[in-house]
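The values are calculated or read from the model by the stated rules, or taken from the named source; none is laboratory data. Note that the structure is predicted; figures quoted are calculated from it, not measured. All Cβ positions, even for glycine, are placed from backbone atoms using ideal geometry, and neighbour counts span all protein chains on display.
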Amino acid sequence: MLIGVSILIFIIARIIPGDPARMALGPTATQEMVEQYRDKLHLNDPIHVQYWFFIKGITQGDLGESVYTKRNVTTDVSTYFPATLELIIFAALIMVCVGVPLGILAGRYKDKSIDNISRLISLLGVVTPSFVWAVFLMIIFAFYLDILPVAGRLSQDTVAPDKITGLIIIDSIIRGQFDVTIDALKHIILPALALSLSALGQASRLTRSNITEVYDKQYIEMARAYGYNEFKIATKYALKPAMIPTLTILGLDFAAMLGNAFLVEFVFAWPGIAKYGVQAILYKDLNAITATTMIIATFFVITNLIVDLVVAYLNPKIRLSGK
Amino acid sequence: MMKIFKSRGWYKFSKNPLSVIGLLIVSIIVLMSIFANYLTPFPEHAGPFVDIPNKIKPPSSTYFFGTDKIGRDTFSRIIFGYRTSLYLGVIVLCIAVPIGTSLGLIAGYFGGKIDAIIMRITDIFLSIPPLVLALSIMAFLKPTLTNAMIAVSMMWWPWYTRLIYNLTRSLKNEGFVISSKIVGASHFHIIFREILPNCSASLITKITLDMGFVILIGSSLSFLGLGVQPPTPDLGTMVSQGSKYLPDIWWLSVFPGLAILVIVLGFNLLGDGLKDLFDVEI
């Protein structure tokens, strides 16, 4: 799958008109300089040789130099990626902790008022782009109520803890700097909320439909007939079969957040990979764009793999069929 | 025309107030954007118009949603922005749906090697988050409306391939397909006359739902400055430019943001209504 993605990105990067060397050097460069640069990027070689160099670079963790920052893009990506990772992990937590229970409640009390409220919330979540949420949340919490900061990862006078994982919240907890943790948490709430709202809607809709389906099954009826209490039925008999199909989609949603992170980071000036990516796009920075897309695709594929493994473990139909 | 309102389908559809609201929203927006020249108070504000004395006016009875930095009426620009969005949505789906549908039909009907090749390619496209794929395509193109349409279409067709593929696979074994095969119908006939019409309910529903989401992605692209360029009015661009002046000139970003919400909501409610009406899974 990753090979396929790499081919796709490679083709997009090469097929589309425009000379990357010319773009990188700008209109003032001489023909000679452009030729030299083309040689350096192996652009004068036949296409399959170019692909070979490209793959060789990826496997060695060397994706070339960024034209804009003049650093190796692998270094760049490793500087910016943790910020994004922190953001989407936090957003995913909100998505799972709010979206799934909301869906369960809606599914359990189908067509009651709690169901309608939950459906309204999820619908609004799904139909509103995350950048619009970002603007709304910013107006309400940062300007009108003035309780949360507007932009960035930390306040200006706060020093980031020494890097261990690159995730400021975790780093500061490890180092015991709890005031930094609180500051970082304050900064992450709004962007994470804006990012999670659309995924949250989807998660709760999906959970709802799966839960309703399970509640129509005969074994739930059976459990009721035995006189088990509703809480036990919900947690023990209904949740697990309903969560298996939900989990697959949650994995997809989690990975898709990387795409939406582009929009949210833009509004909140979050120094993440998305901001780097947009900058790369604006400066036509070929290597940086390729690296960003590859990182995101890799992340996507890995997430899906993990989800598949978890589902296989949870689902006895798959777990036992191999034996 | 009146016959539609007496039909059984309409009765079922009108039973659900949400679907009717969706239909109303969509029809009002479509009509307004078609007749934008006559309906908006300041149609000339859609272009590069400057009216400095009236700049940064808060919402009032003359300017419903206020005016921007150079005195243009936000309300008029939103209606023209809807026109851009709908135009983008229609063109993208006009490109993506035929490509996706025919590939899905071919892969599902013939199976074997063709199936494997087409579906693997589809999987690769589906394995990149949609917005990222569109962004990486836009990275190599000039940011214009046409190119944004190309980028969004490039990422949209695989969903149709997958939908139609699954439908075709199950329809292939239906009695009417097998019997037309037995009487010697051509592949062409079976695919386009037997299988495709039976996919139409799912297709129409998916197109309606997608119209909203294409508009959403399109506005996201222009929000990042990679889609429609000013002075052409576009909702995404308006939000992104307006957000620079928060919180003082809030109306510049809040109203276009709400406008996106409303149109996507409309298509979504309508699509959900159709889904119940046709009783299809998407």
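Of the residues A:VAL67, A:VAL126, A:VAL73, A:VAL77, the single one that is over 30 Å from A:GLN202 (Cβ atoms), surrounded by 14 or more Cβ atoms within 10 Å (Cβ to Cβ) and modelled with pLDDT of 70 or more is A:VAL73. A:ILE169: closer than 27 Å to A:LEU252 by Cβ, modelled with pLDDT under 70, assigned by TED's automatic domain parsing to the domain that holds A:TYR80 and part of a helix (DSSP H, G or I), yes or no? When the stated conditions are applied, A:ILE169 passes them. Filtering the range B:125-147 down to residues that are β-branched (Val, Ile, Thr) and not in a helix (DSSP H, G or I), which residue is modelled with the highest pLDDT? Per the criteria, the residue is B:THR144.
Scanning the range B:252-282 for residues that are within 26 Å of B:THR168 (Cα to Cα), part of a helix (DSSP H, G or I) and among the aliphatic types (A, V, I, L, M) yields B:LEU270, B:LEU274, B:LEU277.
Can you say whether B:VAL50 is more than 14 Å from every other protein chain (Cβ to nearest Cβ) and exposed (fewer than 15 other Cβ atoms within 10 Å of the Cβ), as far as the supplied structure shows? So B:VAL50 passes the test.
Please indicate, with yes or no, whether at least one residue in the range B:217-232 is crowded, with 20+ Cβ neighbours inside 10 Å, more than 21 Å from the chain's Cα centre (by Cα), in contact (Cβ under 8 Å) with a residue 12 or more places away in the chain and at the interface with another protein chain (Cβ under 10 Å from one of its Cβ atoms). So that I can check it myself, show each step before the final result.
We begin by selecting, within the range B:217-232, every residue crowded, with 20+ Cβ neighbours inside 10 Å; these are B:217-224, B:226-228.
Keeping just the survivors that are more than 21 Å from the chain's Cα centre (by Cα) gives none.
No, because not a single residue in the range B:217-232 is crowded, with 20+ Cβ neighbours inside 10 Å, more than 21 Å from the chain's Cα centre (by Cα), in contact (Cβ under 8 Å) with a residue 12 or more places away in the chain and at the interface with another protein chain (Cβ under 10 Å from one of its Cβ atoms).
For the range B:107-120, a tally of residues being without any contact (Cβ under 8 Å) to a residue 12 or more places away in the chain and within 14 Å of chain A (Cβ to nearest Cβ) returns 3.
B:THR144 fulfils the conditions (1) surrounded by 22 or more Cβ atoms within 10 Å (Cβ to Cβ); (2) more than 12 Å from chain A (Cβ to nearest Cβ); (3) under 30 Å from B:SER253 (Cβ atoms) except for a single criterion, (1). Considering each residue of the range A:186-193 in turn, none proves to be modelled with pLDDT under 70 and either assigned to a loop (DSSP other than H, G, I, E, B) or farther than 23 Å from A:LEU258 by Cβ (or both).
Per-residue answers, yes or no, for (1) within 30 Å of A:MET243 (Cα to Cα); (2) within 11 Å of chain B (Cβ to nearest Cβ):
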residue: A:ILE281; (1), (2): no, yes
residue: A:LEU286; (1), (2): no, yes
residue: A:THR293; (1), (2): no, yes
residue: A:ALA297; (1), (2): yes, yes
residue: A:VAL301; (1), (2): yes, yes
residue: A:ILE306; (1), (2): yes, no
residue: A:VAL310; (1), (2): yes, no
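Evaluation of B:ILE282 against the conditions (1) farther than 23 Å from A:SER198 by Cα; (2) touching a residue at least 12 places away in the same chain (Cβ under 8 Å); (3) surrounded by fewer than 19 Cβ atoms within 10 Å (Cβ to Cβ); (4) of a type outside the set (Ser, Thr, Tyr) shows that the sole unmet condition is (1).
Report yes if some residue within the range B:55-69 is of a type in the set (Lys, Arg), within 14 Å of chain A (Cβ to nearest Cβ) and either surrounded by 17 or more Cβ atoms within 10 Å (Cβ to Cβ) or more than 30 Å from B:LYS12 (Cα to Cα) (or both); otherwise report no. Break it down stepwise before answering.
Taking the range B:55-69 and keeping what is of a type in the set (Lys, Arg), we get B:55, B:57, B:69.
Those still in the list that are within 14 Å of chain A (Cβ to nearest Cβ) too: none.
No, the range B:55-69 contains no residue that is of a type in the set (Lys, Arg), within 14 Å of chain A (Cβ to nearest Cβ) and either surrounded by 17 or more Cβ atoms within 10 Å (Cβ to Cβ) or more than 30 Å from B:LYS12 (Cα to Cα) (or both).
Any idea how many residues of the range A:252-274 are in a helix (DSSP H, G or I), more than 14 Å from the chain's Cα centre (by Cα) and more than 7 Å from every other protein chain (Cβ to nearest Cβ)? Let's see the steps before the verdict.
Within the range A:252-274, the first condition is being in a helix (DSSP H, G or I), and the residues that meet it are A:252-268, A:273-274.
Now drop any that are not more than 14 Å from the chain's Cα centre (by Cα), which leaves A:266-268.
Narrowing the set further to residues that are more than 7 Å from every other protein chain (Cβ to nearest Cβ) leaves A:268.
The qualifying residues number 1.
Tell me whether the range B:251-262 contains one or more residues that are at the interface with another protein chain (Cβ under 9 Å from one of its Cβ atoms), crowded, with 21+ Cβ neighbours inside 10 Å and hydrophobic (A, V, I, L, M, F, W, C). Yes: the range B:251-262 contains one or more residues that are at the interface with another protein chain (Cβ under 9 Å from one of its Cβ atoms), crowded, with 21+ Cβ neighbours inside 10 Å and hydrophobic (A, V, I, L, M, F, W, C). Here A:ALA256 fulfils each of the conditions (1) at pLDDT 80 or above; (2) crowded, with 18+ Cβ neighbours inside 10 Å apart from (1). Within the range B:233-250, being among the β-branched types (Val, Ile, Thr) and either over 13 Å from B:LEU216 (Cβ atoms) or surrounded by fewer than 24 Cβ atoms within 10 Å (Cβ to Cβ) (or both) holds for B:THR237, B:ILE249.
Within the range B:69-113, the only residue that satisfies the criterion of being more than 30 Å from B:SER240 (Cα to Cα) and not in a helix (DSSP H, G or I) is B:GLY111.
Any residue at all in the range A:238-256 that is under 30 Å from A:GLY227 (Cβ atoms) and of a type in the set (Val, Ile, Thr)? Within the range A:238-256, one or more residues are under 30 Å from A:GLY227 (Cβ atoms) and of a type in the set (Val, Ile, Thr).
To keep it simple, each residue is scored yes or no on (1) closer than 28 Å to B:GLN241 by Cα; (2) surrounded by fewer than 23 Cβ atoms within 10 Å (Cβ to Cβ).
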site: A:ALA261; (1), (2): yes, no
site: A:PHE266; (1), (2): yes, yes
site: A:TRP270; (1), (2): yes, no
site: A:ILE273; (1), (2): yes, no
site: A:GLN279; (1), (2): yes, yes
site: A:TYR283; (1), (2): yes, yes
site: A:ALA297; (1), (2): no, no
site: A:VAL301; (1), (2): no, yes
site: A:VAL310; (1), (2): no, yes
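Identify, please: which residue in the range A:220-237 is among the aromatic types (Phe, Trp, Tyr) and part of a helix (DSSP H, G or I) and is, among those, surrounded by the fewest Cβ atoms within 10 Å (Cβ to Cβ)? Don't jump to the end; show me each part of the working.
Applying the first criterion (among the aromatic types (Phe, Trp, Tyr)) to the range A:220-237 yields A:226, A:228, A:231, A:237.
Then keep just the ones that are part of a helix (DSSP H, G or I); that gives A:231, A:237.
On the way: A:PHE231: 8, A:TYR237: 19.
Looking at the filtered set, the residue picked out is A:PHE231.
Can you confirm whether the range A:105-113 contains a residue that is among the polar types (S, T, N, Q) and over 24 Å from the mean Cα position of the chain (by Cα)? Yes, that holds for at least one residue. The test for being more than 9 Å from every other protein chain (Cβ to nearest Cβ), of a type in the set (Lys, Arg) and within 18 Å of B:LEU203 (Cα to Cα) holds for B:LYS275.
Has the range A:209-230 got at least one residue that is under 16 Å from A:VAL307 (Cα atoms) and either away from chain B (no Cβ under 14 Å) or out of contact with any Leu (no Cβ under 6 Å at 6 or more places or on another chain) (or both)? Outline the logic, then answer.
Keep residues of the range A:209-230 that are under 16 Å from A:VAL307 (Cα atoms), which gives none.
No: the range A:209-230 contains no residue that is under 16 Å from A:VAL307 (Cα atoms) and either away from chain B (no Cβ under 14 Å) or out of contact with any Leu (no Cβ under 6 Å at 6 or more places or on another chain) (or both).
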